Amino acid sequence: MKPSRVRWDQLPGSVHHRVAEILGSPVSVDTLQTHGTTPGVASRVVTADGSHAFVKVGHCAINEDIPGLNRREATLLSLLPDTAPSPRLLGRIDVDGWVGLVTSDIEGPHPQLPWSDEDIDTALASLSRLAEVTAGFFQPWESFSARLHNTPSVWEEFMTDAPADLDPWLIERLPDLAGRVERLTRHANGDTVIHGAVRSDNVLLRTDGAVLVDWSHALIGPAWVDAAGLIVDIIHTDPIDAPRWNRADALVKHVAAEFSPSTHGEPAVEPIVDLLVAVLGISERECRKPDPAGMPQLREFQRERASRLRAWLWASEHLA
């Protein structure tokens, strides 16, 4: 996806001044970043004294949700330990309606697509490290369990009023799909920070491991959720062929064994598959809505994600 980006030179002087205050020197070089989903400014910058940083800032005139998401991300980063695989928060921006944050600059590429086995292992290692260093995270923050509880079941909605173009294969299975999302709540408790949006555009690869960026969707919950999110992205971006489908199926079993989603202490693939079913439902619903402001490719992204997840679930035989 390529959201609508604002260039650094289009920002008002008050924002430039605030960033200079945070960094101790004015910005002399900026490089617009094109990856991600959030509209607004996303730029790597270099100051006059040679410091490097990343600036992310938006305005409600671009998208009404962006200020809140940026505030949320800044607060979460301020709570994470220095050992987390995340950028360090350097300062917050809140001037003239522009809201954002300045973080440390992360040097490194995004994973090439389709995901290589090596990059998958690197990302999973960083997710394990995140779970380890945030275990027992008791800061006041929204939980994955609460998010599930407060989110209406898409599949139950579709049982009452399904879209006319919904795949017949899904229509036949609506009660089972709704039941799987309900069952997911049994495995939703946890006390670690989960990133909540593990995708290739939110992963940067360094020699010492992967760093996760864009923490605006972070929650408190079980570590397996992020690993399952990585599987969603792999299914979405892999070529459609049997070997790739088999790789995703093997990853489901690997994540079940390594991250133990079962509340009974035994590895289980069901919670992971149930989460994929939940993501499919959200994608099926959201892709039928108009594009939100500043995000012209989001619905197409969700439409493609729904198509890939639907195809994988059909081919994997996880659904009867």
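Does Val181 count as assigned to a strand (DSSP E or B), assigned by TED's automatic domain parsing to the domain that holds Leu309 and not charged (D, E, K, R)? Quick ask: steps written out before the conclusion?
Working: assigned to a strand (DSSP E or B): no; assigned by TED's automatic domain parsing to the domain that holds Leu309: yes; not charged (D, E, K, R): yes.
So Val181 does not fit the description; no.
Among the numbered conditions (1) within 30 Å of Glu132 (Cβ to Cβ); (2) surrounded by fewer than 16 Cβ atoms within 10 Å (Cβ to Cβ), the only one that Glu73 does not meet is (2). Screening Phe54 against (1) within 24 Å of Arg206 (Cα to Cα); (2) in a loop (DSSP other than H, G, I, E, B); (3) of a type outside the set (A, V, I, L, M) leaves a single unmet condition, (2). When restricted to residues that are surrounded by 13 or more Cβ atoms within 10 Å (Cβ to Cβ) and either in contact with a Pro (Cβ under 9 Å, 6 or more places away or on another chain) or not assigned by TED's automatic domain parsing to the domain that holds Cys60 (or both), the range 12-41 contains 8. Taking the numbered list (1) in a strand (DSSP E or B); (2) surrounded by fewer than 21 Cβ atoms within 10 Å (Cβ to Cβ); (3) modelled with pLDDT under 95 in turn, Arg44 passes all entries but (3).
Residues in the range 274-320 that are in contact (Cβ under 8 Å) with a residue 24 or more places away in the chain, closer than 19 Å to Trp169 by Cβ and not basic (Lys, Arg): 22 in all.
Scan the range 234-255 for residues that are surrounded by fewer than 12 Cβ atoms within 10 Å (Cβ to Cβ), at pLDDT below 90 and assigned to a helix (DSSP H, G or I) and jot them down. Lay out the reasoning, then the answer.
The initial filter retains those residues of the range 234-255 that are surrounded by fewer than 12 Cβ atoms within 10 Å (Cβ to Cβ), namely 239, 241-243, 250.
Going one step further and asking which of them are at pLDDT below 90, we end up with 239, 241-243.
Passing the criteria: Ala242, Pro243.
Screening Trp98 on (1) in contact with a His (Cβ under 7 Å, 6 or more places away or on another chain); (2) surrounded by fewer than 20 Cβ atoms within 10 Å (Cβ to Cβ); (3) of a type outside the set (Gly, Ala, Ser) shows it passes everything except condition (2). When the range 213-226 is examined, which residues are found to be assigned to a helix (DSSP H, G or I) and more than 18 Å from Arg186 (Cβ to Cβ)? Asp226, the sole residue that qualifies.
Restricting attention to the range 61-85, and to residues there that are outside any helix (DSSP H, G or I) and more than 19 Å from Thr192 (Cβ to Cβ), which single residue is nearest to the chain's Cα centre (by Cα)?
Asp65
Suppose we keep only residues that are of a type in the set (D, E, K, R) and loosely packed, with under 12 Cβ neighbours inside 10 Å within the range 108-120. Which one would you say is nearest to Ala53 (Cα to Cα)? Ranking the candidates gives Glu118 first.
Tell me which residues, restricted to the range 197-211, are surrounded by 21 or more Cβ atoms within 10 Å (Cβ to Cβ) and assigned to a loop (DSSP other than H, G, I, E, B). Once the filter is applied, which keeps residues that are surrounded by 21 or more Cβ atoms within 10 Å (Cβ to Cβ) and assigned to a loop (DSSP other than H, G, I, E, B), the range 197-211 yields Val198, Arg199. The residues of the range 285-309 that are in contact with a helix residue (DSSP H, G or I) (Cβ under 7 Å, 6 or more places away or on another chain) and crowded, with 19+ Cβ neighbours inside 10 Å, listed by number, are Gln302, Arg305, Ala306, Arg308, Leu309.
Rundown of residues vs (1) farther than 30 Å from Ala162 by Cβ; (2) surrounded by fewer than 21 Cβ atoms within 10 Å (Cβ to Cβ), yes/no style:
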position	(1), (2)
Arg173	no, yes
Val213	yes, no
Ala218	yes, no
Val232	no, no
Ala257	yes, yes
Leu280	no, no
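The values are calculated or read from the model by the stated rules, or taken from the named source; none is laboratory data. Since the structure is predicted, the reported quantities are computational estimates derived from the model, not experimental observations. Don't worry about glycine lacking a Cβ; one is built from the backbone with ideal geometry, like all the others, and counts go over all protein chains shown.
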